[in-house]
Amino acid sequence: MTTAPDDFGFGLPFDRAGTGSSKWARTAGGPDGVIALGLADMDLPGPPAVAEALARRARHRAYGYTACDPAGRALVADWYRARHGVAVDPAWVLLLPFGPRTAVRLLLEAVRPAGPVLFPTPEWGGFAQLCRAARLPYREIPLVHDGNDGTGDRTGTGYRLPLDAFARHRPGAVLLSSPHNPSGRVWTAAEIHGLAEAAARAGGVLLSDEVHGDLTHPGHRHPVAVAVAGPLRDRTVTLNSVGKTFNTSGIPSCFALVPDPALRGRLGEVMAGYGLWEGGLLEQVVQRAALRHGGPWLDALLRHLATARDELTAVLGDAVRSAPQASYLLWLDTAALGLPAADARAALLERCALEVSDGADFGPGGRGGLRLNYALPGPELARALARLARLRKP
C-alpha cells in the first residue's frame, strides 16, 4: 500500500458515521465490517474552501429567496479554460439548482425528440429510467469491447462507441456519460464528434453528461462535447456539476452548456413550468468555492485516485473489463472473479464483506459485471485490497 497521508487527509482514516450517507445505508443487513464500494460518491474529506464558505454563509441568519449570480457563468467559463483548455461562451451557461439527473429529464422535454432516444449499454441506468418516466421510446446500443486491457496495458481502449449503429437508428437524442460510467473509459474526441454528427443528421441532439469529466487521470484528456462538436455545437449540450468532482452531490446543482439560444430558451420555459429557476442559495455558495479555490484539492485527489487505481488493477488483473482512465470506478467481470453471474453482488458481500453495484443496473450490456468505487481513504483502501487479493488467490 503506497498511498500516503497528504495535506488534505486522503491517506488518513475518515468516518462518515452519523452523516446520513446513502452509500453506507446500502450496507444495512450486510456482514459486520462491510466496506461500501457501491454508490458513486467519495469517502474522502472534501475541499476545505467549500466547508469554510458554507460555514461563513450559515452565520448570516437569512436564508430567503436568492437571485442567480451572473458572475457564476464567467466562473464556469474560466474553469473550462483553465482545466480543459476549452473556450466556453458564458452566454451558453445555465446555472441549475438541481442535479444532472433532473437536468437530463428537463432537457429531454425541451428537446422534444422526434426519433428514439439512444444510449449505450452498459451505461448509467438513470437514462433508461428517465426515458420511461418521459414516455419516450429508447434503444440501448451495445458498446464494442476490444478485449480486456485491465492487466496493466494502458494503451488498449476496452470499450468503444459503435458510431455506425447510432447513425443507423436515426436518433431524436443521444444520451452519453462521458467519461463512461461504469468503466471510467475516456471517449475520444472523434467518438464524441461522431455521436454529435449522428444526432444532427437525424435532427436530434447529443446530451453529454460529463459529471466525471474533471476527474480525468494523468495522461488522458477529456473531450468537452460542445467544443469537439465544432460546427455541430448547436445540436450538442454538455452537463457538468461540482457534485462528483468535489463530492458535494448532497447539495444538488449542475451547470449546462447550451450553445443554441433557442434550446436555452425552451429549457428555461420548461423549468419555469415546474417552479424552477437558475441560482439557488447553498448551490451557488458551493459552486463558487469549489471552482475558485478547489483546484489544488482536485490535483491532490487525482494523484490519490491514480495510485488507488494502479494498486487495484494490479491485484484484479483480467477481472477489470476496461482499464479506468477517469473517475474512481472499476468495472469488473464476475466470471474472472469466480463469482456466480446471477448473484455476484450478494456473493461478494458474503465472501469479502464488500458492497458494490450490480452490473444489471447498467442495462443489458451490464449483465455479468460489477462496479466498484475506489474513492477511499488510505486505511480503508488497504482493507479492501487485502480482501480482494484473497478472492483472487487460486
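Which shape class applies to the range 24-85: rounded if a/c is under 1.5, otherwise prolate when a/b exceeds b/c and oblate if not, where a ≥ b ≥ c are the square roots of the Cα gyration tensor eigenvalues?
Oblate, since a/c reaches 1.5 and b/c is not below a/b.
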### Probe 1.4 Å, accessible area per residue of the range 160-251, Å²
31
### Query
When all protein chains stay in place, what accessible area (Å², nearest 10, 1.4 Å probe) is found for Tyr63?
130
### Cα gyration tensor shape for the chain, rounded if a/c is under 1.5, else prolate or oblate
oblate
### Query
In whole angstrom, how far apart do the alpha carbon centroids of the range 53-100 and the range 263-339 sit?
18
## Note on the structure
About its Cα centre, the range 201-294 carries a charge dipole, from +1 on Lys and Arg Cβ atoms and -1 on Asp and Glu Cβ atoms, whose size in debye to the nearest 20 is 200
## Note on the structure
Gyration tensor on Cα atoms of the range 170-236, a ≥ b ≥ c root eigenvalues, a/c under 1.5 rounded, else prolate if a/b beats b/c, else oblate, says prolate
### Task
Could you state the accessible area per residue of the range 322-394 in Å², with a 1.4 Å probe and every protein chain left in place?
35
## Note on the structure
Relative contact order of the chain (C-alpha contacts under 8 Å, at least 6 apart) in percent is 26
### Task
May I ask you to rank Trp24, Trp331, Trp124 by accessible area, largest first, using a 1.4 Å probe over the protein chains only?
Trp24, Trp124, Trp331
### Message
Pairs of alpha-carbon atoms within less than 8 angstrom and 6+ residues apart define the contacts here; what relative contact order does the range 238-296 have, in percent?
### Response
33
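Let me check something: with ligands and nucleic acids excluded, how do Arg168, Arg264, Arg235 order by accessible area (1.4 Å probe), largest to smallest?
Sorted descending by solvent-accessible area, the residues read Arg168, Arg235, Arg264.
Of the peptides 27-36, 318-327, 337-346, how do they stack up when ordered by the mean number of other Cβ atoms within 10 Å, highest first?
Result, highest mean Cβ count within 10 Å first: 318-327, 337-346, 27-36.
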### Query
If you add up the charges near Gly366, with Lys and Arg at +1 and Asp and Glu at -1, over every other residue whose beta carbon is less than 13 angstrom from its beta carbon, what do you get?
-1
### Message
Tell me the relative contact order for the range 281-365 as a rounded percent, counting alpha carbon contacts under 8 Å between residues six or more apart.
### Response
13
### Query
When the accessible area of the chain is split by element with a 1.4 Å probe, what percent falls to carbon and sulfur?
53
### Query
At a Förster distance of 41 Å, what's the computed FRET efficiency of Val144 paired with Arg57, Cβ-Cβ distance as r, to 0.05?
0.30
### Message
I'd like to check one number: the per residue accessible area of the range 33-129, probe 1.4 Å, reported in Å² as a whole number.
### Response
43
### Message
Can you give me the distance in nm between label points at Arg81 and Ala346, each placed 7 Å from the Cα along the Cα-to-Cβ direction?
### Response
5.6
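The values are calculated or read from the model by the stated rules, or taken from the named source; none is laboratory data. Since we're looking at a predicted model, the values are computed, not measured. We place every Cβ from the backbone using ideal geometry, glycine too, and count neighbours over all the protein chains shown. Calculation scope for accessible area: heavy atoms of the full protein, side chains included, ligands and nucleic acids excluded. Shrake-Rupley method; radii C 1.70, N 1.55, O 1.52, S 1.80 Å.
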